[in-house]
Amino acid sequence: MNTFTRYVLKSFLWQFLLLLIGFTALLQLFDLLNNSADILQDHMGQMSAVLEYAVLRLPEIMSFLVPFAVLMGALVTLGKMERDNEIMAYKAAGAPYFTVLWAFLPAVGIVAVLHFFLADQIVPISIQSLIQRDLSTERAKSKNEAKDEPLFVQEGKSVVEAGAVGQDGTTLSHLRIYERDDSGKIVKQVFANDAHYDTSKEVWTLSNVWTTTIPDGQAAQTARTDSWVWPTHLTPAEFSDLVEKPQAMPLLKIHGFISSTQVGVRPTYFYETWLQKRIALPVSSILMILLAAPVAHSLHRRERGLAMGMTVGFGLGFLYFLTDGLVLSLGESGAVPPFLAAWLPILLFAAIGGAWLIKQEGY
């Protein structure tokens, strides 16, 4: 790593951290103003619940803002270098402008790796913790409602179908358990009207249970019991509607829904879209450098201030996130292929930034 790259690494990371902390604090403040009243009402006015909610929401907010902070941090760093004629001196030494962008790659690479780890490992844990502590505001707004569409979960060789799931996941209705042999044939079916989870004992209890055994080459046998303790490792979190949010699942779990090692409630293309989105996540940070470079370069040539650059950066960031959200929704609905849903915004804005920079440099 040469001297210029180390200088860029230090300057960019400092600006990036300052902007990320500032944007995160601002967005979290708005989030608390919007949801703190509901949290206090549901937890008997305990301020500790609001503090716990703020801490657990922090990873998700930061993950959302990382690409935007990269864009603004790169824009501020490049704008400062343009204003102080540092880039002009670097180019006067015979180095082309694109080598300046190469100097950003180590810094952005570090951010991209940390961003992927944050989104794939920390954010799912924080969302599940919000659910377990009954701090999720989406659950609070519809606490007494139930999910009235079937939910499928796979555990080993067994497939579990829940006809209706309470929002907290501790109450299941019209539960069916299909036990299969090594060849995939159903050898036993268990039907229960209701299932309740005892949080103190961490045990599922099924009521009004009908068990149908299908021996090989023999007639099926059915037996009924009033209640039955279900020996399973599944927890209410597996059945909670919010856990099905792709943001609350790591990459391996999303891949499990695609490869049929797990059974989800969404079509396969929905999980394929989010798998591609998770893989493309680190690349979005690299894209932001390509968007910031022509903006900073053009503002210097037109002798406009850094404030104009920040305004243009905000506009580009907003347009990118708007396009990304729109195309992602199309991918979730199956209107566009999963690969395009995840990569089209990146490819589109990379082409725009690259063409803009090439035009400025006169290649």
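The length gained on full extension between S329 and Q121, counted as 0.36 nm times the residue separation minus their Cα-Cα distance, comes to 72.6 nm. Converting phi to 3J(HN,Hα) with the Karplus coefficients 6.51, -1.76 and 1.60 and the offset θ = phi - 60°, the range 195-202 yields 9, 10, 9, 8, 5, 6, 9, 6 Hz in sequence order, with x at every glycine or proline.
Counted by neighbouring Cβ atoms within 10 Å, the residues T99, T3 run from fewest to most as T3, T99.
To the nearest 10 degrees, how steeply does helix 123-132 sit against the main Cα axis of the chain, on a 0 to 90 scale? Roughly 40 degrees, rounded to the nearest 10. Basic side chains Lys and Arg get +1 at the Cβ, acidic Asp and Glu get -1 at the Cβ, and with that the dipole of the range 8-108 about its Cα centre reaches some 500 debye. Using only the alpha-carbon atoms, how far is helix 268-301 inclined from the longest principal axis of the chain? Give it as 0 to 90 degrees, nearest 10. That works out to roughly 10 degrees.
Between F4 and L27, what's the calculated FRET efficiency when r is the beta-carbon distance and R0 is 35 Å? Round to 0.05. For F4 and L27, the calculated efficiency is 0.55.
The stretch between R133 and I110 holds 5.0 nm of extra length on full extension. This uses 0.36 nm per residue minus the Cα-Cα distance. Think of each Lys and Arg Cβ as +1 and each Asp and Glu Cβ as -1; about the Cα centre, that makes the dipole of the chain roughly 1340 debye. If you take the charge dipole of the range 150-246 about its Cα centre, with +1 on Lys and Arg Cβ and -1 on Asp and Glu Cβ, which of Q221, A162, Y197 is farthest toward its positive end? Checked the options; the winner is Q221.
Counting other Cβ atoms within 10 Å as a rough exposure proxy, the listed residues L40, L290 run L40, L290 from fewest neighbours to most. Here the Karplus relation 6.51 cos²θ - 1.76 cosθ + 1.60, evaluated at θ = phi - 60°, turns the backbone of the range 343-348 into coupling constants of 9, 4, x, 5, 5, 5 Hz, with x for every Gly and Pro. Calculate, for F64 and T225, the FRET efficiency according to 1/(1 + (r/R0)^6) with r their C-beta to C-beta distance and R0 51 Å; round to the nearest 0.05. It comes to 0.60.
Here the alpha carbons of the chain define both size measures, Rg and Dmax, at 25.9, 88 Å. Only helices enter this figure: runs of n ≥ 4 DSSP H residues, each worth -39500 (n - 2.57), summed and divided by the residues of the chain, yield -20500 deg cm²/dmol at 222 nm to the nearest 500. Legend: ranking of residues D38, D84 from fewest to most surrounding C-beta atoms inside 10 Å; resulting order D84, D38. Computed from Cα atoms, the angle from the helix 98-117 axis to the main principal axis of the chain rounds to 20 degrees.
A short reminder: the numbers here are calculations on the coordinates, not readings from a lab. What you see is a predicted model, and the numbers here were worked out from it, not measured in a lab. Cβ coordinates were reconstructed from backbone atoms using ideal geometry, including for glycine residues, and neighbour counts include every protein chain displayed.
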